Amino acid sequence: MLFFGLVVLAGFGLCALFPQAIAPYGAKAMHAAWLGPCAEHWLGTNDLGYDIFSELIYATRSTLLIGVVSAVVSLFIGTAVGLAAGYLPAWKGELLNGLIQIFLLIPMLPMAIVIAAFVGTQTLQIVLIIALLGWCATARTVRVRTMQLKQTPFVECLLILGISKTQIMLRHILPNLKELVLSRYMMTVARCIMLEATLSFLGMGDPTAVTWGRMIYLAYRRGGFTRGAYHWLISPGLCIALLIIAFYCISQYFAQKQSQVSGSQSYLD
Amino acid sequence: MKKKLLISFFCLLFILVFNFALPRLLPGDTVLMLVGMDEDVVSENEYAYYVEKTGADRPLAEQFASYLRGILQGDLGYSYHHNAPVEQLIAQRVPATLQIALPAVLLSALLALVLGCYAGMRKGSGMERMISTLQITVDAIPGFLLGLLLLSLFAFHLGWFPSGALNSIVVPAATLPAWGDRIWHLCLPVLTLVLGSVPAKYLLVCNTVAQQMQEKYVLYARSRGLSDSYIVWHHILPNICQPFIAMVGMNMGFIFSGSLVIETIFSIRGLGSLLDQAIRSRDYPLLQGCLLVSAVVVVVANLLTDVLCVALDPKVRCRIHEAE
Amino acid sequence: MRKCRCLVFICLCFVMCCALSACGGQEASQPEAGRIDTFIIGTTAEISSAKRSVYNFDVLTGTLSQLAPVWVDADGVYHPLLCTYSTEDSRTWILTVREGMTWHDGQPVSAADIQFTLEYLDSQNGGGYADSYEDIRLVDERTIALELAEPNPRHLASLTTLRILPKHIYQDVTDDSALPSDEANIGCGPYRFVRFDADAGVLAFDAYDAYPDGQPMVEHVLFRLFDNEDTMYMALKSGEIDMVYRYSSGVSTAVLEDLQRTEQISLLPIRNTANSAVLIFNNQVSPFDNEKIRQALACAIDYARFRELFGSPYALASEAGFIPPGTYGYVQTQTLERDLQLAAAYLQEAGCTDSDDDGYLEYQGQPLCVEVMVRDDKPVHARYAELLMNNLAEVGIAVQIDVQEVAAFRELTEQQHAHAAVITGLTAFGMAKNQGLAALYLWGENSMSYGQVYDEDYKALLDQADAAANMEEYALVAAEIQQYYADTLPAIALFWDSHIQAFNSRYSGFVEDGTFGLLNVQTWFSLQAE
């Protein structure tokens, strides 16, 4: 599982880093439009005559970038809030927990749509919107784990030793969250990519950045469906699916490692 | 329960404050943002009219008070693009959305439960691996793509199901055929939603059941000679039903959002197609109304599942009595 | 005796034949050959309810149940519809309601209804109808005289979409959404509104028996509303619907090829004076204030490729004169073609050099970068811009695509004029506004001026167009204006295209209407099914 995930991820990583070396044609090289899959164009060409296979490879970078960056931001927020909510005593922790619960209830997609409608759909905005809406699941998991750790004898020892709370939180509890956080991170990237694709499909993606979600949107809006240009419609979808499965596999590995350390934790919590 | 209510209340309050603040705090013309109009189509008279109608020239506190008062009376604002009150537009569309969302919630919960228990009993077997892999794969496919593929396959290539809408152009007059017609039309959209929402619940059930299989009470039951399936349905199920129902409640939001995305694909005139229009015309009041309504649906669904949990779970019931 | 019997026999035969033929005649008058029971039209127009205030619904009723006084055919010739008309001096227009016209509730249509409609629309829209006339007089029960302040030979143009309201229903109504829909939708056309079923997405109309021109060829007309264009074309292919329709629009070119391949679908191009793919420069700002640069760009664009990728098979090569054929006063100017050498020459003349050898030119010490603004609600415009980017890269001009949300696009272009260039589509209505010939979009002082042309010569030409006393004079000025465009290139049409209409090949006999296209009152009387 881990191996499969890593191989796929490495493959996409290479595509994102060196698209020029891998793609058979340039991103904007124009050929005859609406070609089906053939020897020269493995996945055919789109409405402008771009080679779809090459476009997929070039789009890897922006797709991954949006997923990875927004996941980093949301992970950061999520871990910080979760840690604080789990560790801080009494009402402070409760308050933060309440905040997490509130954010968990907010319907993500309509919220993202409303914000994007108001602030615009450039890449930066999209990244921020996804990040600001996606942190709460991480926060919840981190909080639960932190509370477990707080009860463990080693934390009590540290307390008796007179080490400050901040230090305990950052130096001693945080490292113990490593596997959990990594596992969460992988799932968050997958989820961010999915949300970006959905927003793009609704016409709320960055029109200048070609992502896989936007490719599906264009294929759909430019008649790929009616023309039966399924290669244009499905191949970005397959890439998304493959990437998400890869992230899932890797996160499963970390989750298992984590549960070996601490007992049980399913990825869904 | 009290805490839950408090959180639900604050969640809705947050959305309200958010909806109120967003057009007023962002740079740009507040009035135009409030009405969702383009500058060029608004004449000076109309602009003055909008200022008066939205009350944008009054102090913020006063605006907020009247905004809250309006919301409490069911006034979600006015869509100037549709020339109709938002609540009226949404009320027209919600039934269609619920018609695909509710069956999807129920069916996906049922399917996840059955599949999850079945696979959870056999954790580690080839069958379980196959089902889990399949679920994870389906989960990784974007919902809208799934919808498009199902539509293309079952409606256009095989012709088994209609290509969209909620009923035929001429609805059969008799009640029973009319119902059949509606269900026939609901098949594809509901299937899309079910496929997309089963995996998360399935994995939860499967993992929990597998975990419970290791518990001592299962061991005792086994040593009493009870069959595995009897144990799952009679002993494990009551134990996992609480987190499962909570999960279904949380999932409601997911399914509701999912239905918004696929409605345009299936030409269903529900909230989703309304939202789609609102996105294209940047009809801000309508967008915000949709957000609020989705939030209410999610919050209510969560509260309902909590009540259900309490009703089903003897432990929780008893504790309440103790507390009283 | 035998002769007599023979005679009787022949007489009998004759009588029988007569009777038979009479019977035959009667039979034929009932289910006439080629009559159609139900005709289903698919549309992606957004219709939320069956109200006159819902624009798309209002437009659709104009093809069936609501009549305007006159209709215009594809050649721009006007014909009576609800009314016959006459004028002597192009200033006073006499409209007479045709004999036998009744509202769907049986009341006769009268001249007072026309007067009421004009006044009612004034009160609803803040003017522009009754107050555009100097005088409105009721001559008799069915005749009305409309007097303009100044003669206008093209006045009937404004009467083709004026759908007359029943005075007896609307006279005390200020908010028409309060009326029950069966009453609010009473019209005088050959069809009456039956129902709007939001769940099925269906609008239904039935033939109105008392229409004076007789029974239309179709008994029931249904509109099936689609949210998704692709689904609609699939439904057309599968025969679920009989035709697709959208007001002032055609089948999207992306699916055209596919529809062409489908046997049971017929395609028909109709006239289109909209300029649906244009590149307009902001002629006030650098580098587009330099005519050489505009010329260079015009030579660098691959027009053939634009037509191939985005146009229908009926797409026309655009001309430097900017105004599409079919527009009144159109003259042929030089066809726009790609010529990279000429483009390079123009660029050199303008003083562009590639001093840092990065493959892109510099102009006046700055990199020559064309910022093209497009709106985000039309994905195809961004595709045009993308092709433009690839085209211009070949002559060393960088293109930056700036996609703006519609409101911001309008604000930035129409109000602040902060754009360098835009790619957009211009509607037929907008093209014809003011002096016509896209003056609305080009003359710098107009509110929607993308072109920002402040040239005195241009202004003088527009003034002449304003002063034209009749259509012939106007045509002369129009030719000069197009020559002006061709010489200075303030804007470039990327290609011209017709609106392609698609319908099931079982049907024939469509009539083309200058306003509504293939769906119109005439079509309902001439439509044939195989």
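The values are calculated or read from the model by the stated rules, or taken from the named source; none is laboratory data. Owing to the predicted nature of the structure, the values given are computational and were not obtained by experimental measurement. Cβ placement follows ideal geometry from the backbone for every residue including glycine, while neighbour counts extend to all protein chains displayed. Please note that ligands, DNA and RNA were not included when accessible areas were found on the heavy atoms of the full protein model with its side chains. Shrake-Rupley method; radii C 1.70, N 1.55, O 1.52, S 1.80 Å.
All conditions but one from (1) among the hydrophobic types (A, V, I, L, M, F, W, C); (2) away from chain A (no Cβ under 14 Å); (3) within 27 Å of C:T160 (Cβ to Cβ) apply to C:A198; the one that does not is (3). Checking each residue in region C:213-243 for being in a strand (DSSP E or B) and either within 15 Å of B:S163 (Cβ to Cβ) or of a type in the set (K, R) (or both) picks out C:R224, C:L225.
Residue by residue, here is whether (1) of a type in the set (S, T, N, Q); (2) part of a helix (DSSP H, G or I); (3) in contact (Cβ under 8 Å) with a residue 40 or more places away in the chain; (4) farther than 11 Å from A:T138 by Cβ holds:
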position	(1), (2), (3), (4)
A:S70	yes, yes, yes, yes
A:G82	no, yes, yes, no
A:E94	no, yes, no, yes
A:N97	yes, yes, yes, yes
A:P110	no, yes, no, yes
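Scanning region A:186-199 for any residue that is open to solvent by 20 Å² or more (accessible area, probe 1.4 Å), within 13 Å of chain C (Cβ to nearest Cβ) and within 30 Å of B:Q277 (Cα to Cα) turns up nothing. Take the conditions (1) open to solvent by 60 Å² or more (accessible area, probe 1.4 Å); (2) of a type outside the set (S, T, N, Q); (3) free of Cβ contacts under 8 Å to residues at least 60 places away in the same chain; (4) outside any helix (DSSP H, G or I); B:L153 misses just one of them, which is (4).
With respect to the conditions (1) touching a helix residue (DSSP H, G or I) at 6+ places or on another chain (Cβ under 8 Å); (2) more than 14 Å from chain A (Cβ to nearest Cβ); (3) more than 30 Å from C:Y474 (Cα to Cα), C:T253 lacks only one, and its number is (2).
Pairing residues of region C:105-119 that are assigned by TED's automatic domain parsing to the domain that holds C:L81 with residues that are at pLDDT 95 or above and acidic (D, E), at Cβ distances under 6 Å and at least 6 apart in sequence or on separate chains, gives no pairs at all.
One residue stands out among those in region B:157-176 that are more than 20 Å from C:S238 (Cβ to Cβ) and out of contact with any helix residue (DSSP H, G or I) (no Cβ under 9 Å at 6 or more places or on another chain): the one that is nearest to the other protein chains (Cβ to nearest Cβ), which is B:A173.
Once region C:351-368 is narrowed to residues that are out of contact with any Leu (no Cβ under 9 Å at 6 or more places or on another chain) and closer than 20 Å to C:D289 by Cβ, the residue that is surrounded by the fewest Cβ atoms within 10 Å (Cβ to Cβ) is C:G365.
Across region A:184-210, the number of residues qualifying as farther than 20 Å from A:R222 by Cβ and of a type in the set (G, A, S) comes to 1. C:A210 - would you say it is in contact with a strand residue (DSSP E or B) (Cβ under 9 Å, 6 or more places away or on another chain), part of a loop (DSSP other than H, G, I, E, B), away from chain A (no Cβ under 11 Å) and surrounded by fewer than 23 Cβ atoms within 10 Å (Cβ to Cβ)? Here the answer is yes, as C:A210 does meet what is asked.
When each of A:I106, A:I163, A:I115, A:I100 is tested for being among the β-branched types (V, I, T) and more than 22 Å from the chain's Cα centre (by Cα), the lone residue that passes is A:I163. If I filter region C:269-282 for residues that are in contact (Cβ under 8 Å) with a residue 40 or more places away in the chain, open to solvent by 50 Å² or more (accessible area, probe 1.4 Å) and within 14 Å of chain A (Cβ to nearest Cβ), do I get at least one hit? No: zero hits. Within this structure, B:Q277 passes the test of being more than 9 Å from chain A (Cβ to nearest Cβ), open to solvent by 10 Å² or more (accessible area, probe 1.4 Å) and closer than 27 Å to B:H185 by Cβ. Residues that are within 13 Å of another protein chain (Cβ to nearest Cβ) and farther than 19 Å from C:A298 by Cα number at least 1 in the following strands (runs of 3 or more DSSP E) confined to region C:346-443: C:369-375, C:398-404. Screening B:L145 with (1) within 14 Å of another protein chain (Cβ to nearest Cβ); (2) open to solvent by less than 30 Å² (accessible area, probe 1.4 Å); (3) in contact (Cβ under 8 Å) with a residue 24 or more places away in the chain gives one miss only, at (3). Filtering region A:23-68 to residues that are in contact with a helix residue (DSSP H, G or I) (Cβ under 7 Å, 6 or more places away or on another chain), open to solvent by 50 Å² or more (accessible area, probe 1.4 Å), more than 20 Å from C:A254 (Cα to Cα) and free of Cβ contacts under 8 Å to residues at least 60 places away in the same chain leaves A:P24, A:Y25, A:W42, A:R61. Only one entry in C:D466, C:D513 is surrounded by 22 or more Cβ atoms within 10 Å (Cβ to Cβ), charged (D, E, K, R) and either in contact with a strand residue (DSSP E or B) (Cβ under 6 Å, 6 or more places away or on another chain) or in contact (Cβ under 8 Å) with a residue 24 or more places away in the chain (or both), namely C:D513. None of B:V194, B:V190, B:V218 is in contact with a Pro (Cβ under 7 Å, 6 or more places away or on another chain), open to solvent by less than 40 Å² (accessible area, probe 1.4 Å) and more than 14 Å from chain A (Cβ to nearest Cβ) except B:V190.
Number of residues in region B:243-257 that are at the interface with chain A (Cβ under 8 Å from one of its Cβ atoms), open to solvent by 10 Å² or more (accessible area, probe 1.4 Å) and under 29 Å from C:D197 (Cβ atoms): the value is 1.
Exactly one condition in (1) modelled with pLDDT under 90; (2) open to solvent by 10 Å² or more (accessible area, probe 1.4 Å); (3) not assigned by TED's automatic domain parsing to the domain that holds C:P313 is false for C:F226; which is it? If we test C:F226 against (1) modelled with pLDDT under 90; (2) open to solvent by 10 Å² or more (accessible area, probe 1.4 Å); (3) not assigned by TED's automatic domain parsing to the domain that holds C:P313, just (2) comes out false. From the list A:M215, A:M111, A:M169, A:M194, the lone residue that is modelled with pLDDT of 90 or more and over 28 Å from B:G249 (Cβ atoms) is A:M215.
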